[in-house]
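The values are calculated or read from the model by the stated rules, or taken from the named source; none is laboratory data. Note that this is a predicted model, so its numbers are computed, not measured. Cβ placement follows ideal geometry from the backbone for every residue including glycine, while neighbour counts extend to all protein chains displayed.
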Amino acid sequence: MSLQTLDISEHERLRELYHTEILDTPSESDFDDIVRLTAQTFNMPVALITFVDSDRVWVKASVDTPICEAKRNEAVCHYTIAQEEVLEVPDLREDTRFRHLSQLQAVSAYRYYAGAPLATSRGYKIGSLCVLDKKPRHLTHDQKAALQVLARHVISLIELRVRNREMAQLSEMQNKIISIIGHDIRNPLASFRVMLDLLDDKSKDFDEEEAAEMNDLLRKQMDSTLDLLNNLVQWGKLHVRLNKSAPDSVDMHKLVNRVMRPLEFSVTLKGNKFINDIPEETYLLADEQALEFVLRNLLTNANKFTDKGNITVAHQFADNQHLLSVRDTGTGMDEQQIKQVLYENGNYYTIGTNAEKGSGLGLSLVREFLSKINSSLAIQSTVGEGTTVSFNIYN
């Protein structure tokens, strides 16, 4: 991998690194054992396991060095992750790329460096296993192969941690689904049964207005329950997809039109109007299904709190990121309501302008999926004037 290619794919590489949640974790015996074994195997005074962040190189485990982290442009490991094989520098003082390191007190005593990139199973190089010596030297072919084997063992440990964490999250997700089904779906279904029994009761003489009111309640309850079921189904699919798929090139104008189409009927019933303000052929790299899920929930929520108004989806691009926003002219929120929307875990909801109910799950899942792609919700709102909900996607 060339340095030019590294720059192009840097966002995805960092996303992979952050997904491991390894940065700034305390020392662990498994990693400490590997660096001790590495130092002994190659008869080197220093061995390190490092991870290359956006602007720093952080040390997870080390032998015989107090270094915890360094500026990325002052670390040889920055170059190691651009290699497919072991990077060997026989003499740091003689290599023009690294002569400046001799001026740094922390590494000025070292002359030799060899590092194997830590490449994940998806091919992203997130760090290195490296050794240093105070005198120039060379590794044999077999020694370089051994260093790569040890580097693969480091990655195996990291990916095992990730799998264990994901299994715990899956168990938590299953428990949450069981809880939702047991409460937020079972209760509405029980209400359906009661209302249907009332309508079927020949002894009850409902006039036209009462029957219409009963039917309206049934429709609203059904809409709310179907929306909840749709979220649960999408949630399960996306949990698997987001951890395994590469990002798509998404035409945002077409995607927004596709999301808006099935919602048009409920929007028209409230006298609202959808506006797709994203220019045609606006592309970004992201998981298309996740974006569809997020936008559908934000548009549904905007319609819930808007009557005879406009709901607009807009886009801006600046500082290498896409800012997507859903703006409505509805009831708006005060500061306390905004905090509840941003931080409550699915337990907070309010009644819409047409008495629409919800479980609060939709926005909770939106926040969860955005966090997986290093994004988050931002809300600007004025009571009585409307709300703008936005999130960013880095490209």
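A few notes on this one:
- Close pairs (6 angstrom Cβ cut-off, 6 or more residues apart or separate chains): under 14 Å from ALA314 (Cβ atoms) in the stretch 371-395, hydroxyl-bearing (Ser, Thr, Tyr) anywhere: ALA378/SER390; GLN380/THR388; GLY386/THR329; THR387/SER381; THR388/SER325; SER390/SER325; PHE391/SER375; ASN392/SER375
- Any hit, the stretch 100-108, residues being more than 22 Å from MET44 (Cβ to Cβ) and at pLDDT below 85: yes
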